[in-house]
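Here is the structure we will look at, set down as structure tokens.
The values are calculated or read from the model by the stated rules, or taken from the named source; none is laboratory data. No experiment lies behind these values; they were computed from the predicted model shown. Note that each Cβ is placed from the backbone with ideal geometry, even for glycine, and that neighbours are counted across all protein chains shown.
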Amino acid sequence: MATSTSDEAGGSKPVVVKKYANRRLYNTATSSYVTLDDLAQMIKQGGDFVVYDAKTGEDLTRSVLTQIIVEQEQKGQNLLPISFLRQLISFYGDSVQFLVPGYLEQAMVAFTRNQERMRENLRATFGIFPFGQFEEMGKQNIALFERALKMLSPYGRDGKPTAAEPAAPAASAPQEKDDPRLERLEEQLEALRKQLEALGPKQE
């Protein structure tokens, strides 16, 4: 993570955190040592930070963010399905690895936007937030992530193209239209999948 998202968006500069050899994290803004929990709370409150090695200056932001996720998952606050993690791991070193970050980033942006809009609408109408409906929306977004990973990986472990998934039944209630950017990206992934399938027999 070479640059901060808040910096790119024109917001305030991220807090600089230094990591020392003893693995302690030092917040230069507050001149105090912090923990991974402190950094997680900073993100939840809308803050941002970058982490550098105190000695070499190497950017360690990505690894520290990953550590925060691992710590939260170990506490039982599971957000990432096992099937999703397995599919994600399978793309490391794959020829289409470069497509995964952009897709997941756009999908998460759309998810966040939908979440906030849904919260605002329900609170304005009912003054409450029905968590059951939000949980269902979360499952739909996770399903979207997993479907994208499957589209990026058209071949099974035996080297043969995987069977296409059956079309999902139409929902009884009208659904909100997908984000246009996600639709375009799905179309691009589908085109790439067809190209890989066409190349499959030649490679064999």
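Structure summary
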| read-out | value |
| --- | --- |
| Failed criterion for Leu79 (all others in (1) under 27 Å from Leu25 (Cα atoms); (2) within 14 Å of the chain's Cα centre (by Cα); (3) touching a residue at least 40 places away in the same chain (Cβ under 8 Å) hold) | (3) |
| Unique match (being surrounded by fewer than 11 Cβ atoms within 10 Å (Cβ to Cβ) and over 27 Å from Leu189 (Cα atoms)) among Gly76, Gly47 | Gly76 |
| Odd one out for Ser83, checked against (1) surrounded by 11 or more Cβ atoms within 10 Å (Cβ to Cβ); (2) at pLDDT below 85 | (2) |
| Tally, over segment 53-106, of residues that are farther than 29 Å from Tyr20 by Cβ, acidic (Asp, Glu) and not in a helix (DSSP H, G or I) | 1 |
| Only one of Thr56, Thr61 that is out of contact with any helix residue (DSSP H, G or I) (no Cβ under 8 Å at 6 or more places or on another chain), without any contact (Cβ under 8 Å) to a residue 60 or more places away in the chain and not aromatic (Phe, Trp, Tyr) | Thr56 |
| Candidates Thr61, Thr28, Thr112, Thr56, filtered to the one that is within 17 Å of the chain's Cα centre (by Cα) and more than 30 Å from Glu183 (Cβ to Cβ) | Thr61 |
